[in-house]
Amino acid sequence: MSATRAGRRLGKAAFWLCAAAVLLGGATLTAAHSYSLPRPTEAELAPALLGLQRDTAAGWMAVHVLYASCRCSLRIRDELAARPPFPGVREVVLLVGGDAEWTQQLVDA
């Protein structure tokens, strides 16, 4: 086997090994976030989503869905509270499992 052929095989093996590692890591992180989230009932979710659709006529709207028990959501909450709203964008926060402190901090911002 020539050196070029061996190099190609090694390159392909390294590529597929790296791809498998990235996919496994991404799947692990995704599963950890989506499996632990509470699932709303259809009776709770449908009216909330329909209410958001009615309000979209005024231009762009950004919906932030935050979960109170998630560290990622905590960082996003802190950023939302620290910055002013984007001009021309209506920002809505859907808070899952939040407490009065979270709500008040976001309302004040």
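The values are calculated or read from the model by the stated rules, or taken from the named source; none is laboratory data. All values derive from a computational prediction rather than experimental measurement. Note that we place each Cβ from the backbone using ideal geometry, even for glycine, and neighbour counts take in every protein chain shown. Just so you know, the surface numbers come from the protein's heavy atoms only, side chains and all, with ligands and any DNA or RNA stripped out. Shrake-Rupley method; radii C 1.70, N 1.55, O 1.52, S 1.80 Å.
Residue check: residue 65 meets all listed conditions (1) open to solvent by 80 Å² or more (accessible area, probe 1.4 Å); (2) modelled with pLDDT of 80 or more; (3) over 18 Å from the mean Cα position of the chain (by Cα) but one, namely (3). Select from the range 75-104 the residues that are basic (Lys, Arg) and part of a helix (DSSP H, G or I) and write down the one among them that is surrounded by the fewest Cβ atoms within 10 Å (Cβ to Cβ). The selected residue is 75.
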